[in-house]
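The values are calculated or read from the model by the stated rules, or taken from the named source; none is laboratory data. Only a predicted model underlies this, so the values are computations on that prediction, with no experimental measurement involved. Glycine gets a Cβ as well: all are built from the backbone with ideal geometry, and neighbour counts include every protein chain shown. Remember, those area values only see protein heavy atoms, side chains included, never the ligands or the DNA or RNA. Shrake-Rupley method; radii C 1.70, N 1.55, O 1.52, S 1.80 Å.
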Amino acid sequence: QVHLVESGGGLVQPGGSLRLSCVASGSIFSFNNMGWYRQAPGKQRTIVASITEGGGPQYADSVKGRFTFSRDSAKNTMYLQMNSLKPEDTAVYSCHLATPQREYWGQGTQVTDSS
């Protein structure tokens, strides 16, 4: 069993930065893909950034050049560095992991524009 726990969300001014973290507990021997999604109020959840095993990160057009996905395999942790934040980035951000056996989701962390 794998559990994903996000942290790092909060209030941020436009143009500010935040780094989200997602720690996976349990054993992960391989994965199909992992990444970050977000859901803004009244909208559907959309993908923000993701990678496949052996591949490089892919980004939604709306965050390209501002957000950076990274991971530390030794720590079973993925990150989302968010720079130049905009009001439209306000959402609940959730990490996602798909292994050959099943999918896992974190509980989400809120990122809110403070303006």
- Message: When you check Ile28 against the structure, is it at negative phi, part of a loop (DSSP other than H, G, I, E, B) and either surrounded by 11 or more Cβ atoms within 10 Å (Cβ to Cβ) or in contact with a His (Cβ under 6 Å, 6 or more places away or on another chain) (or both), yes or no?
- Response: yes
- Item | For Gly16: the one exception among (1) at pLDDT 95 or above; (2) assigned to a strand (DSSP E or B) | (2)
- Item | Residue check, Arg38 in contact with a Ser or Thr (Cβ under 6 Å, 6 or more places away or on another chain), closer than 23 Å to Ser115 by Cβ and charged (D, E, K, R) | no
- Note on the structure: Cβ pairs under 8 Å, 6+ apart or interchain, first in segment 27-43 and farther than 23 Å from Thr68 by Cβ, second surrounded by fewer than 16 Cβ atoms within 10 Å (Cβ to Cβ), ordered by first then second residue, are Ser30/Glu53; Ser30/Pro100
- Identify, from the list Ser50, Ser115, the residue that is at pLDDT 95 or above and of a type in the set (Gly, Ala, Ser). Ser50
- Note on the structure: Wholly inside segment 59-115, strands (runs of 3 or more DSSP E) that include 3 or more residues that are among the aliphatic types (A, V, I, L, M) are 77-82, 91-98
- Message: Could you go through segment 108-115 and let me know if any residue there is free of Cβ contacts under 8 Å to residues at least 60 places away in the same chain and either small (Gly, Ala, Ser) or closer than 15 Å to Met34 by Cβ (or both).
- Response: no
- In this structure, is Gly54 assigned to a loop (DSSP other than H, G, I, E, B), open to solvent by less than 50 Å² (accessible area, probe 1.4 Å) and over 14 Å from Val2 (Cβ atoms)? no
